Structure formats: structure tokens, C-alpha cells
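Report on one structure; see the data block that follows.
The values are calculated or read from the model by the stated rules, or taken from the named source; none is laboratory data. None of the values given here were measured: they were computed from a predicted structure. Backbone-built Cβ (ideal geometry, glycine too); neighbour counts: all protein chains shown.
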Amino acid sequence: MKRKSTLIDMTAMSDVTVLLLTFFMLTSTFLQKEPVTVLTPSSVSEQKVPTANLASVLVSPEGKVFISIAGDADAETKDTWGSEALRKTILEEAVKLYNKQHPTKPIALTQQQVDAFSKINMFGVPFQALPAFLSMSQTDQDKVISDMSRADVGIPVNDNKDMERLNEFQIWMRAIYNSGNDNLQKAMKKGEGIAVKADKDTPYSTVHDVLDNLQTLKMNRFSIMTALKTEQE
């Protein structure tokens with residue numbers, strides 16, 4: 001018998017593929033951009049770090065400190081704090097605290113610079129470098145903040161116990177706590193609002209200073225981000 005070719009209509013399969021792809025794109029949570037790749041130490045903890053109402057502290061292998069802030073939701077409503085609105089409030093509070101402690105070297109930000117800060121996921125420069133950094137394009141900001149050899153990259157931190165003279169890391173953390181976002185403040189009190197992420201090769205002295213600064217600010221409950229151990233480990 002003469003063989004006949006088989007025709008398979010793939011139209012329906014193509015439609016299903018596009019629908020599935022669209023579904024996964026809309027429901028997926030994309031990883032936020034970080035200035036440096038950090039390989040966290042492994043542990044057996046399976047507790048997940050929340051993605052909302054969170055202040056994340058990143059410590060690079062070189063000992064540079066960065067902070068990321070997430071609010072209730074991206075879309076702001078009457079009873080919620082969007083991430084951008086929260087960052088603006090925190091920036092204003094942090095600058096006010098810094099200028100109060102440094103009256104001879106105050107910094108001033110334009111509304112355009114404040115708006116630029118609200119769109120940054122993770123930041124980490126000294127206060128004196130902040131105006132120039134926020135005036136850069138996003139491409140230039142990424143180049144600067146990813147260069148770990150620069151002296152103007154990383155939030156300054158030290159072993160400070162004087163609550164009348166906060167260091168810059170402590171100023172940011174106090175500003176985050178005093179942002180006015182009740183949900184974030186409650187999360188910080190419960191130990192769910194602060195997460196520290198450090199590389200396995202990060203100098204212990206820097207990690208110690210970060211954790212000690214948090215405890216000095218009475219922020220005694222926080223999470224340490226780790227990678228889940230595999231069966232081979």
C-alpha cells in the first residue's frame with residue numbers, strides 16, 4: 001500500500017505553549033539585581049526570607065556593606081507602603097539624621113535625586129557621595145557600585161557603641177525602623193524584617209560589626225541568609 005503522509009496541526013499546541021509561558025512570566029518572582037555575587041554558607045534551615053517589608057543587608061567578600069529595602073507592595077494603596085514611597089521616606093529620615101550629626105558637612109538632595117533613589121533596589125555609598133551617585137544614569141550607577149576597589153562604595157560601618165553618634169550603617173537602620181511603616185516595624189520586631197546576607201569568604205570582622213551594630217540598636221532579632229545543604233554536603 002502506498003504510504004500517506006501524516007499531517008499534525010500544531011496550532012493548538014502553540015497556543016498552549018504561549019499561554020503557559022505568559023502564565024509563568026506573570027507569576028514568577030524575578031531575582032533583584034545585586035552589586036556583587038555572594039556565595040552564602042550552607043545550612044539545613046528551610047525557613048524562607050520574606051520578599052516584602054524587609055531590609056536586606058548584603059556584605060560582599062571584600063567587606064563592603066549594601067542595603068536593600070522592600071515595602072508592602074509595588075502598587076500603593078491607602079493602607080500600604082509601596083517600595084518606592086518607603087525608600088523616599090527612609091532617605092529623607094536618614095539624611096535628616098546624618099545632617100544633625102554632621103552640621104558642618106550637611107548634604108542636600110534634589111527631588112530628582114530622591115526620585116532616583118526610590119527606584120534603586122540595593123544601595124551602598126557613603127552619605128557624602130550620595131548626591132553625585134544619584135545624579136548618575138542607571139548604567140553609571142551600576143558600574144560604580146559593582147567596583148569593589150572604590151573607596152566611595154559601601155556603607156561605612158565600625159564597632160560603634162555611642163548611640164548619640166551613630167555611624168552611617170546605624171543611621172540607615174534607624175531610619176528604616178522610623179520610616180512610619182507599621183508593617184515593616186512589626187516585622188523587624190518579630191525578626192522577619194531584617195536579613196543579613198554575607199559571602200562565605202567575607203571577613204569575620206565586618207560581619208561581626210554589622211551584627212553588633214544591629215544589637216546596639218536593639219535590633220536583636222534578624223535572619224541570616226544561607227544556602228540549603230545538599231545530600232552530598
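Only residues that are among the basic types (K, R) and within 14 Å of A52 (Cβ to Cβ): list them for region 179-211, please. Scanning region 179-211 gives K186, K190. The residues of region 155-197 that are assigned to a helix (DSSP H, G or I) and among the aliphatic types (A, V, I, L, M), listed by number, are I171, M173, A175, I176, L184, A187, M188.
Just to be sure, is M173 aliphatic (A, V, I, L, M), out of contact with any helix residue (DSSP H, G or I) (no Cβ under 6 Å at 6 or more places or on another chain) and surrounded by 14 or more Cβ atoms within 10 Å (Cβ to Cβ)? Here the answer is yes, as M173 does meet what is asked. Here L214, L166 are screened, and the one residue that is surrounded by 16 or more Cβ atoms within 10 Å (Cβ to Cβ), at pLDDT 90 or above and more than 16 Å from V57 (Cα to Cα) is L166. One residue stands out among those in region 180-202 that are over 14 Å from the mean Cα position of the chain (by Cα) and of a type in the set (G, A, S): the one that is modelled with the lowest pLDDT, which is G191.
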